[in-house]
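Notes follow once the structure below has been shown.
The values are calculated or read from the model by the stated rules, or taken from the named source; none is laboratory data. For clarity, every value in this text was computed on a predicted model and none was experimentally measured. With ideal geometry, Cβ positions are generated from the backbone for all residues, glycine too; neighbour counts draw on all protein chains shown. Side chains are part of the model used for accessible areas, which takes the heavy atoms of the whole protein and leaves out ligands, DNA and RNA. Shrake-Rupley method; radii C 1.70, N 1.55, O 1.52, S 1.80 Å.
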Amino acid sequence: MQIDLGHITLNVVEDGDPNGAPVVFSNSLGTSIALWDKVIPLLPQNLRMIRYDMRGHGASDVPDAPYSMGMLIRDAEALLDYLKVRDCVFVGLSIGGMIAQGLATKRLDQVRALVLSNTAAKMGNAAMWQDRMAMIEAGGIEGMADAVMERWFSPAFRKTPELANWRKMLTDTPQQGYLGACAAIAGTDFYTTTAALKLPTLAIAGSDDGASPADLVRETADLILGSQFKLIRRAGHLPCVEQPDIYATLLTQFLSDIGHT
């Protein structure tokens, strides 16, 4: 469904029980809500599972680049207020995990626990992102799609027919949306604010992640007192795609541990 928040219209899908404990899923750069398709059916169906396409991605509005991380956090905040969501578990992958950290810092009434998947308090550096944006402006997303697939997926998965679907999802991402999100990541350093968080946190990494290596994810997890870190083997940047059973098991156990199911 399309939800008009006034400043932006976002594409949102809800699964499970509308009256259940809320779990919100935020996708990665260059993907849509389809990122979570394999995991949602494997989770307890008494949950209220909310997925949304961040601005510039999927079927959500595509404002002109650049975007700031503050904008992306504000979008999530406004969406949860619109849906009357409080005390959710916020599951964010890659840039979605950065949104999760920022939202938890800003609105602890909305977020009671975090799942930080294949993400970090700071990802890369501004120069790296500027270079990537320049490449896209020169040659489009297609010109870097194969390199992104290498960062996203393990060698085994890249040999499967399914790879073509994910490559197409990437190249179908509106260029302004991709550039906008790159700019948001380039300007974000959450080390100080994330280190001040004190809420249940599960961090998930993939052994073959070329975009946010496991050590980087672990370093961010270590900022949050009492967090858990889990490594999924034979998976890259999108372990919910490559190893959905393991991903769902980890998520379900975490939700159970914190009494959210």
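Give the distance, in whole Å, between the Cα centre of segment 146-167 and the Cα centre of segment 178-214.
With segment 146-167 and segment 178-214 each reduced to a Cα centre, they are spaced 22 Å.
How far apart, in nm, are two points set 7 Å out from the Cα along the Cα-to-Cβ line at Glu14 and at Met135?
With each label placed 7 Å out from Cα toward Cβ, I get 4.0 nm.
Full extension from Leu108 to Asn125: what is 0.36 nm times the residue separation minus their Cα-Cα distance, to one decimal in nm?
Between Leu108 and Asn125, full extension yields an extra 3.3 nm.
Please build a GNM for the chain, connecting alpha carbons under 10 Å apart, and tell me which residue among Ala221, Ala235, Ala78 fluctuates the most.
Ala78
Cα centroid distance between segment 122-138 and segment 39-104, in Å?
Cα centroid of segment 122-138 versus Cα centroid of segment 39-104: 23 Å apart.
For the chain, set up a GNM with springs between Cα atoms under 10 Å and report which of Lys230, Lys159, Lys198 has the largest fluctuation.
Lys159
Which percent, to the nearest 5, of DSSP beta bridges fully inside the chain are antiparallel?
Values: 8 of 32 bridges.
For the chain, the DSSP antiparallel bridge percentage is about 25.
Considering only lysines 8 or more places apart in sequence, or on different chains, count the pairs in the chain whose C-alpha atoms sit under 18 Å apart. All intermediate terms of the calculation are to be shown ahead of the outcome.
Values: Lys38/Lys168; Lys84/Lys106; Lys106/Lys122; Lys106/Lys198; Lys159/Lys168.
Close lysine pairs found across the chain: 5.
Specify which residue in the list Tyr52, Gly16, Ala184 is farthest towards the positive end of the charge dipole of the chain, using unit charges on the beta carbon of Lys, Arg (+1) and Asp, Glu (-1), about the Cα centre.
Comparing the listed Cα positions along the dipole, Gly16 ranks first.
Can you bin segment 43-86 into rounded, prolate or oblate? Criterion: square roots of the alpha carbon gyration tensor eigenvalues sorted a ≥ b ≥ c, rounded for a/c under 1.5, prolate for a/b above b/c, oblate for the rest.
Values: a/c = 2.94, a/b = 1.82, b/c = 1.61.
Since a/c reaches 1.5 and a/b is larger than b/c, the shape of segment 43-86 is classed as prolate.
Cβ neighbours within 10 Å, averaged per peptide: list 107-113, 81-87 in order, most packed at the top.
Working: 107-113: 18.1, 81-87: 14.0.
So the peptides 107-113, 81-87, ranked by packing, come out 107-113, 81-87.
Subtracting the Cα-Cα distance from 0.36 nm times the residue separation, let me have the gained length for Gln45 to Glu219 in nm, one decimal.
Values: separation 174, 0.36 × 174 = 62.64 nm, distance 3.25 nm.
Between Gln45 and Glu219, full extension yields 59.4 nm more.
Counting Lys +1, Arg +1, Asp -1, Glu -1, what net charge surrounds Asp109 among other residues with beta carbon under 12 Å of its beta carbon?
Values: positive: Lys84, Arg86, Lys106, Arg107, Arg112; negative: Glu77, Asp81, Asp87.
That sum, taken over residues with Cβ under 12 Å, equals +2.
Run the 1.4 Å probe and let me know the accessible area of Cys240, rounded to the nearest 10 Å².
Surface accessible to solvent at Cys240 totals approximately 0 Å².
For segment 183-225, what size does the Cα cloud have along each of its three principal axes, sorted from largest down, in whole Å?
Extents along the principal axes: 29, 26, 12 Å.
Would you compute, from DSSP H runs of 4+ residues alone, the mean residue ellipticity of the chain at 222 nm, taking -39500 (n - 2.57) per run and dividing by the full residue count, rounded to the nearest 500? Walk me through the intermediate numbers first.
Values: 10 runs with 101 residues, N = 261.
Mean residue ellipticity at 222 nm (helix-derived): -11500 deg cm²/dmol.
For semi-axes √(5λ) of the Cα gyration tensor in Å, pick the label among [x] 33, 20, 20; [y] 25, 21, 19; [z] 30, 22, 16 that corresponds to the value derived from the coordinates.
Computed from the coordinates, semi-axes √(5λ) of the Cα gyration tensor in Å corresponds to [y].
For Arg167, what is the net charge nearby, where nearby means another residue's Cβ is under 15 Å from its Cβ and Lys, Arg count +1, Asp, Glu -1? Don't skip to the answer; put the middle values down first.
Values: positive: Arg151, Arg158, Lys159, Lys168; negative: Glu142, Asp146, Glu150, Glu162, Asp172, Glu242.
Summing Lys/Arg as +1 and Asp/Glu as -1 gives -2.
Does segment 114-249 come out rounded, prolate or oblate, given a ≥ b ≥ c as the square roots of the eigenvalues of its C-alpha gyration tensor, rounded meaning a/c under 1.5 and, failing that, prolate meaning a/b above b/c? Working shown, then result.
Numbers: a/c = 2.38, a/b = 1.23, b/c = 1.94.
Oblate, because a/c is 1.5 or more while a/b does not exceed b/c.
Output the peptides 53-61, 6-14, 93-101 sorted from most to least packed, where packing is the average of other Cβ atoms within 10 Å over each peptide's residues. Please list the in-between numbers first.
Values: 53-61: 23.8, 6-14: 16.0, 93-101: 27.9.
Order by mean packing, descending: 93-101, 53-61, 6-14.
Indicate the gyration tensor shape class of segment 182-261 (rounded, prolate or oblate), computed on the Cα atoms with a ≥ b ≥ c the square roots of the eigenvalues: a/c under 1.5 is rounded; otherwise a/b larger than b/c is prolate and the rest oblate. Kindly include the intermediate steps, with their values, before the conclusion.
Numbers: a/c = 1.98, a/b = 1.10, b/c = 1.80.
Since a/c reaches 1.5 but b/c is at least a/b, the shape of segment 182-261 is classed as oblate.
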